[in-house]
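Down below is the structure, laid out as structure tokens.
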Amino acid sequence: GDSVTQMEGPVTLSEEAFLTINCTYTATGYPSLFWYVQYPGEGLQLLLKATKADDKGSNKGFEATYRKETTSFHLEKGSVQVSDSAVYFCALSGDTGKLIFGQGTTLQVKP
Amino acid sequence: DAGVTQSPTHLIKTRGQHVTLRCSPISGHKSVSWYQQVLGQGPQFIFQYYEKEERGRGNFPDRFSARQFPNYSSELNVNALLLGDSALYLCASSLVQTNTGELFFGEGSRLTVL
């Protein structure tokens, strides 16, 4: 069945460091890909999405490109801030719209 | 505008009991989904409802059931609770049933089974 694999956390970075969180997927058909973020004490919220191959999603300085050839959707940010500390989830959506999530990656950014 | 609201926010039950969790979607949203998030893991899909009909079901036992009402709010019911049902239960709504649109999540109902 469809699945998503994320790099294990926690990831600890200093402020202004470069961030990469790896995400790979297995799916039949042509899924849409998403990154959701869960800040401490808050609900899941969409960070960015891409709906077809080679699309780049971007938001709040974060970017991810839908790579069909490598079945990947890695999340990147050039300069992280303390306020980016959260749990990040990669997810895919098949035909029915249900989301399949990865296990989540905790990011801690230190000042 | 109100987001997705869930109730109760926290509850404690004992094994064998029954629980009902409630969800009100964003106004105008017709699709509601339920997810279970066990500590340290990603959310797992339980049910999806669209226009009051079940449109998808995840790999959960028959102890789990749900329904959607004419006003598009939804209930998740779990019978014969087990310790392993302890989790954060998330409700999400969307305008329509689609694989490209955003799901809007509530803050969840945290269930502890003792």
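Obtain the radius of gyration and the Kirkwood radius of chain A from its C-alpha atoms and give Rg over Rh.
Working: Rg = 13.3 Å, Rh = 13.9 Å.
For chain A, the value is 0.96.
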Mean Cα-pair separation over length for region B:5-114, i.e. relative contact order, pairs under 8 Å, 6 or more apart, %: 37 percent
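Which loop GluC sites (Glu not before Pro) in region A:1-106, with loop taken from DSSP, have no more than 14 other Cβ atoms within 10 angstrom of their Cβ?
Numbers: sites: A:GLU8, A:GLU15, A:GLU16, A:GLU42, A:GLU63, A:GLU69, A:GLU76; in loops: A:GLU8, A:GLU15, A:GLU16, A:GLU42, A:GLU69.
Those satisfying the criteria are A:GLU8, A:GLU15, A:GLU16, A:GLU42, A:GLU69.
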For chain A, built as a Gaussian network whose Cα springs stay under 10 Å, the top-fluctuating residue of A:ALA64, A:ALA27, A:ALA91: A:ALA27
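May I ask you to list the GluC sites (Glu not before Pro) in region B:28-64 that are in a DSSP loop and have at most 12 other Cβ atoms within 10 Å of their Cβ?
Numbers: sites: B:GLU51, B:GLU53, B:GLU54; in loops: B:GLU51.
Sparse-neighbourhood loop GluC sites (Glu not before Pro): B:GLU51.
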Span from the region B:5-39 Cα centroid across to the region B:63-112 one, whole angstrom: 5 Å
Per-q log10 I(q)/I(0), chain B, q = 0.10, 0.16, 0.18 Å⁻¹ (Debye; single scatterer per alpha-carbon; no solvent): -0.26, -0.66, -0.84
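Of chain A, which part is the longest with no trypsin sites (Lys or Arg not before Pro) in a loop (DSSP not H, G, I, E, B) and with at most 15 other C-beta atoms within 10 angstrom?
On the way: sites that count: A:LYS52, A:LYS60, A:LYS68.
After excluding every exposed loop site, the longest remaining stretch is A:1-51.
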Normalised contact order of chain A, rounded percent, pairs of Cα under 8 Å and 6 or more residues apart: 37 percent
Percent of alpha-carbon pairs separated by more than 24 Å within the protein assembly as shown: 44 percent
Directionally averaged projected area (convex hull, Cα atoms, region A:60-111), nm²: 4.6 nm²
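Students often get this wrong, so check it: of A:LYS60/B:LYS52; B:LYS13/B:LYS52; A:LYS77/A:LYS110; A:LYS49/A:LYS98, which have C-alpha atoms separated by over 24 Å? Let's see the in-between values first.
On the way: A:LYS60/B:LYS52 35 Å; B:LYS13/B:LYS52 28 Å; A:LYS77/A:LYS110 15 Å; A:LYS49/A:LYS98 15 Å.
In this structure, A:LYS60/B:LYS52; B:LYS13/B:LYS52 lie more than 24 Å apart at Cα.
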Over region A:1-50, relative contact order from alpha-carbon pairs under 8 Å, at least 6 apart, %: 32 percent
For B:ALA66, residues with placed amide H under 5 Å, excluding near neighbours: B:ASN77
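Values in this text are rule-based calculations from the coordinates and carry no lab data. The structure presented is a predicted model; accordingly, all values stated were derived computationally and were not measured. Using ideal geometry, Cβ is built from the backbone for each residue, glycine included, and neighbour counts are taken over all protein chains shown.
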